[in-house]
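The values are calculated or read from the model by the stated rules, or taken from the named source; none is laboratory data. Since we're looking at a predicted model, the values are computed, not measured. Ideal geometry is used to build each Cβ from the backbone, glycine not excepted, and the neighbour counts take in all protein chains shown. For accessibility, only protein heavy atoms count, side chains too; no ligands or nucleic acids. Shrake-Rupley method; radii C 1.70, N 1.55, O 1.52, S 1.80 Å.
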Amino acid sequence: MSRRRPRAKSDEQSRTRRSLTDLYDAASRHFLSKRYGPAEDRCRQALTLDPKHADSLYLLGLVHAQTNRLDLAIDLIVSAVRCNPNNHEYFLNLGELLQHQNKLDEARKSFDLAIKLAPNLAVGWIKLGNLLRIQRRYDEVLLTYEHAFTLDPNNADAAALSSGVLLELHRYEEALAKCELSLAISPDQAEVLCVKGDCLRNLGRVAEAAAIYRRASELAPDRASVWRLLGKVHEQLGDRDDAIKALRRVREIDPSDPFGASVELMRLGADELSEMPPAYVRLLFDQYAATFDTALVERLGYRGPSVLLEAVLSACQAHRKPANFKHAIDLGCGTGLAAVAFAKMVDRFIGIDLSPGMIEKARATGLYAELKETDMLEGLRTSPDSGVDLVLSADAMVYVADLFPVLKEAGRVLASGGLLAFTLERHDGDGFTMGGARRYAHSASYVRASIEAVGLVVLQLEQHSTRYEGGVPVPSLVVVAVKS
């Protein structure tokens, strides 16, 4: 009898192992087929048999990542690491999830551990390079990608990623060489072809760039970004009709139009003037968020907030109004430059901006009691009547065509005696137009008529300039109005 018991226990353990393996294998098949619900069920069944089964914990974490449950995904992969700290793939994916949550120091540690476990695999070095690229440590990035390529000379990604960084650094000849290296390994990479086209275009080889973009459009006919580049190069070549066709294709692929094909079509006179696509404005400023202040203030001599401040102080003095405000709304708040300028005059600031990247920068200033991630009109519509005594907008109105709806809502939220102050670009004709810099410019007469049409009184409407472009002052208007 005593000899049979261990054998029975051994048989049971064997069945459990087989069942565990079967469940994990089934979960893996479901995951690879993007059937995340069944994959999660099988993982949980496996973990019921063995709560410390590292691969099931890890795979369940990947399922959570694919279904946008990032915090739980990280917790599960961390649990997998505790059960098996020797699997480099766990650390690679954990690092990527942490990077996605902007926990860059923790992500770096995870990638370093992955590389320590598998130093001769290019993938770990590539992921580390991607992290360093976010941190703009470009010399280290290029060295890291180069090391990855040395480890795996058939790795087209390592060369392609180097080309993208070199393009960003305006090192076009070097970037072009890396493109050629990557395309020699894998010729049909639409994204790398686009980088090659960008290099050629920046080197003045525009006709060659057009041919490369056309090839990329054949490989990725439904990729809007490729057609956007093709539209750009056709315009450079003077092929207006082909440029318009390419731009219409961009909008056809993605009607939300994050690449701003509608803006280009308006600029080319192919479409009637209308409002910019919100997806375009959001993407534009998300891309600028990290370097916005430096680019605007240091390179373009931007001083919109200070011009606005001077105008408000002048209007208050001229009309014997106190220059302090309990509640203010900052329309198109960006990184918070206007709030910094008006900080001593305003007790409570609400910021409104369409860009999540800009909202995060504004939050970091600590100057806003509330931040709304939405467009200016919707942000005002969700504000109560007569609840603020100052509405500001520093150069954000250049992304609004018809001012009337925004001004009407601004007037509604202002208390009696409250001020509306904003800057925008000046157009010397009638109404408004789309400028070459892809911003709207408004005539002084149009601005005045719009303000008066919503029942506000103009206190100040003066010509000014809030920035330089190409060393030339950009014609602007500074406006202060009051709700009587």
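Quick look at the values:
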| quantity | calculated |
| --- | --- |
| Solvent-accessible area per residue for region 408-460 (1.4 angstrom probe, square angstrom) | 36 |
| Kirkwood-based Rg to Rh ratio, region 380-430, C-alpha trace | 1.01 |
| Hydrodynamic radius of region 212-261 per Kirkwood, over alpha carbon pairs, in Å | 10.4 |
| For region 150-215: accessible area per residue (Å², 1.4 Å) | 45 |
| Region 203-343 - convex hull of the alpha-carbon atoms, volume per residue in Å³ | 165 |
| The chain: calculated mean residue ellipticity at 222 nm from DSSP helix runs of at least 4, using -39500 (n - 2.57) | -18000 deg cm²/dmol |
| Accessible area of region 377-424 belonging to carbon and sulfur atoms, whole % at 1.4 Å probe | 53 |
| Size of electric dipole in region 37-104: Cβ of Lys, Arg +1 and of Asp, Glu -1, about Cα centre, debye, nearest 20 | 100 |
| Cα-Cα separations in region 169-282 greater than 20 Å, expressed as whole percent | 43 |
| Apportionment of accessible area to carbon and sulfur, region 25-176, percent (1.4 Å) | 50 |
| Listed peptides 153-164, 192-203, 44-55 by packing density, highest first (mean Cβ within 10 Å) | 192-203, 153-164, 44-55 |
| Percentage, to the nearest whole number, of Cα pairs in the chain over 41 Å apart | 37 |
| Mean separation of Cα contacts under 8 Å (6+ apart) over length of the chain, as relative contact order % | 7 |
| Relative packing of 328-334, 288-294, 255-261, 227-233, which averages over residues the other C-beta atoms within 10 Å, highest first | 328-334, 227-233, 255-261, 288-294 |
| Where region 295-361 is the region considered: accessible area per residue in Å², 1.4 Å probe | 46 |
| Thr150/Tyr468 FRET efficiency (R0 41 Å; Cβ-Cβ; nearest 0.05) | 0.35 |
| Length released on extending from Glu373 to Lys109, taking residue separation times 0.36 nm less the Cα-Cα span | 91.8 nm |
| Cα-centre dipole for the chain with unit charges at Cβ (Lys and Arg positive, Asp and Glu negative), debye to 20 | 1740 |
| Share of carbon and sulfur in the accessible heavy-atom surface of region 310-355 [1.4 Å probe, %] | 50 |
| Ranked packing of 399-409, 346-356, most packed first, by mean Cβ within 10 Å | 346-356, 399-409 |
| Mean projection area, nm², convex hull over Cα of region 287-415 | 7.7 |
| Reciprocal mean inverse distance between Cα atoms of region 153-217 - Kirkwood radius, Å | 11.2 |
| Region 51-135: GluC sites (Glu not before Pro) in DSSP loop, at most 14 other beta carbons within 10 Å | none |
